[in-house]
Amino acid sequence: MNKISNLFFIGGAKGVGKTTLTSSICLDLDLERIETGKIVFNYISNKSQIGLNDYIYNELLNYQGEDILVDTHYSAYPHQKGMDTSFKRGLDAKHLQDLSKKFNINLCHIILNPNELLKRRVRDRKSRITTLELVKEELEHNVRACQMYSQEIGKSPLIITNNKSKETRDILKSWINTIISQQQ
């Protein structure tokens, strides 16, 4: 029997700590890590003629290997004030359906108190939205999109509040190890 690879979507708003968590865990567990932000950068650099969601989907679908962590946002949200803030989910339902034929998809949603996220963003050198109203909206968009993903794949997400990085990391690492060990 062939083992199906796991696809772990670790998602949430910008600045909640996904990259730090996923980078560390991938080193510990010897897992591959894909950052959708880098895929978006490649998409822009390559001046692709297909839609962004299709491009991201193709990059994930064409991945050949073992289990993979995807550092992502469930909702595409602008990074600067004044940009379009209408709801846009990350991957489409069709993309998730097709990916679930190749991967065992697992969802984790990293959340953070809006005030704490705003504090992180104010200290961050990256040009990100730094108004409480827009931070709350971005968090809500990610919740909404994660719920859609969850319904479409028929699995509840692991939801973690990233208040203490070490505790969050331990919870996430244990969750991933449990899923991987259940397939062996």
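Pairing each residue of region 169-184 that is within 18 Å of residue 16 (Cα to Cα) and touching a residue at least 24 places away in the same chain (Cβ under 8 Å) with any residue that is of a type in the set (Asp, Glu) and not in a loop (DSSP other than H, G, I, E, B), provided the two are 6+ apart or on different chains, yields C-beta distances under 7 Å for 173/28.
Close Cβ contacts (under 9 Å, 6 or more residues apart or on different chains) running from residues in region 34-46 that are under 17 Å from residue 74 (Cα atoms) and free of Cβ contacts under 8 Å to residues at least 24 places away in the same chain to residues that are part of a helix (DSSP H, G or I) and among the aromatic types (Phe, Trp, Tyr) comprise 39/55; 40/55. Kindly indicate which of 96, 61 is buried (at least 17 other Cβ atoms within 10 Å of the Cβ), in contact (Cβ under 8 Å) with a residue 40 or more places away in the chain and aliphatic (A, V, I, L, M). That would be 96, the only listed residue that is buried (at least 17 other Cβ atoms within 10 Å of the Cβ), in contact (Cβ under 8 Å) with a residue 40 or more places away in the chain and aliphatic (A, V, I, L, M).
Scan 43, 63, 77, 55 and give me the residue that is at pLDDT 90 or above and of a type outside the set (S, T, N, Q).
The unique qualifying residue is 55.
On inspection, residue 87 does not qualify as crowded, with 21+ Cβ neighbours inside 10 Å and among the hydrophobic types (A, V, I, L, M, F, W, C). Within region 151-172, the set of residues being crowded, with 17+ Cβ neighbours inside 10 Å and among the polar types (S, T, N, Q) comprises 162, 168.
The number of residues in region 1-12 that are modelled with pLDDT of 95 or more and more than 17 Å from residue 99 (Cβ to Cβ) comes to 1. The number of residues in region 132-161 being of a type outside the set (A, V, I, L, M) and more than 14 Å from the chain's Cα centre (by Cα) comes to 10.
Evaluate region 60-77: report whether one residue or more is of a type outside the set (Val, Ile, Thr) and assigned to a helix (DSSP H, G or I). Scanning region 60-77, I find at least one residue that is of a type outside the set (Val, Ile, Thr) and assigned to a helix (DSSP H, G or I), so the answer is yes. Taking the criterion of being loosely packed, with under 15 Cβ neighbours inside 10 Å and hydroxyl-bearing (Ser, Thr, Tyr), the only residue of region 131-150 that qualifies is 131. The single condition from (1) outside any helix (DSSP H, G or I); (2) under 30 Å from residue 131 (Cβ atoms); (3) of a type in the set (Gly, Ala, Ser) that residue 37 fails is (1).
Quick check on residue 125: is it touching a helix residue (DSSP H, G or I) at 6+ places or on another chain (Cβ under 6 Å) and either without any contact (Cβ under 8 Å) to a residue 24 or more places away in the chain or within 30 Å of residue 180 (Cα to Cα) (or both)?
Details: touching a helix residue (DSSP H, G or I) at 6+ places or on another chain (Cβ under 6 Å): no; either without any contact (Cβ under 8 Å) to a residue 24 or more places away in the chain or within 30 Å of residue 180 (Cα to Cα) (or both): yes.
In short, no.
The values are calculated or read from the model by the stated rules, or taken from the named source; none is laboratory data. Remember, it's a predicted structure, so these values are computed and weren't measured experimentally. No Cβ is skipped: glycine too gets one built from the backbone with ideal geometry, and neighbour counts run over all protein chains shown.
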